[in-house]
Amino acid sequence: MQLEKLFTMQIALDQHIEKKHGLKEEDLFNRKVLALLVEIGELANETRCFKFWSVKPPSEKQIILEEFVDGVHFILSLGIECNFHMQTLSFTKAPTKVSVTDQFLMINQCVIRFQNTKCVTDYIALFEAFLQLAMLLGITYEEMEQAYIDKNEVNYKRQQNNY
């Protein structure tokens, strides 16, 4: 996955949105944190991993992938907010052997920790935990990158249509 390319695309989208909505001088960090938490919840809902009371299966992989990349957008955007650049990031952890439910809980903890510290170490831990979730969900880096590019296009179209 070409993270540098995704960061560049996210910078352009963020700048477009901030300019269009007059948000250049706004501190959007906490709003982006909340947006990420909401997107994580929407993704969990589509996986249905926590719904022990239901026999209904998870949503189709394409729907899960679309929800997943919504989270990627906000994770990238939060890194940009903190002036983290691709050159400073180094992903080293191997995937953990935990349940999807436990991975969602870990990600939520990582989001809150990063919100409180805004440090690169906690940002990397958050990003790694999210990427590990992708592996648990059977999402490849190639699928993730293409879905991100596709959703980025959708996001621009939404801005043009006053979404």
Seminar exercise, completed: For region 28-53, the count of residues that are over 20 Å from ILE107 (Cα atoms) and under 19 Å from the mean Cα position of the chain (by Cα) equals 1
For this session: Only residues that are more than 24 Å from ILE17 (Cβ to Cβ), surrounded by fewer than 18 Cβ atoms within 10 Å (Cβ to Cβ) and among the β-branched types (Val, Ile, Thr): list them for region 121-163, please.
Result: THR121, THR140
Exercise. Can you tell me which residues in region 113-125 are more than 14 Å from the chain's Cα centre (by Cα) and among the hydrophobic types (A, V, I, L, M, F, W, C)?
Worked result: CYS119, VAL120
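Right, PHE74: in contact with an Asp or Glu (Cβ under 7 Å, 6 or more places away or on another chain) and modelled with pLDDT under 95 or not? Working first, answer last.
On the way: in contact with an Asp or Glu (Cβ under 7 Å, 6 or more places away or on another chain): yes; modelled with pLDDT under 95: no.
So PHE74 fails the test.
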For this session: State all residues of region 16-49 that are buried (at least 16 other Cβ atoms within 10 Å of the Cβ), in a helix (DSSP H, G or I) and of a type in the set (Lys, Arg); if no residue qualifies, say none.
Result: LYS32
For this session: Of all residues in region 106-155, count the ones that are part of a helix (DSSP H, G or I), within 17 Å of ILE80 (Cβ to Cβ) and either of a type in the set (Phe, Trp, Tyr) or in contact with a Cys (Cβ under 6 Å, 6 or more places away or on another chain) (or both).
Result: 6
Problem set entry | Verdict on GLU128 being over 14 Å from the mean Cα position of the chain (by Cα) and over 24 Å from GLN15 (Cα atoms) | no
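The values are calculated or read from the model by the stated rules, or taken from the named source; none is laboratory data. All of these numbers come straight from a predicted model, not from anything done at the bench. Heads up, the Cβs are rebuilt from the backbone with ideal geometry, glycines too, and the neighbour counts pull from every protein chain shown.
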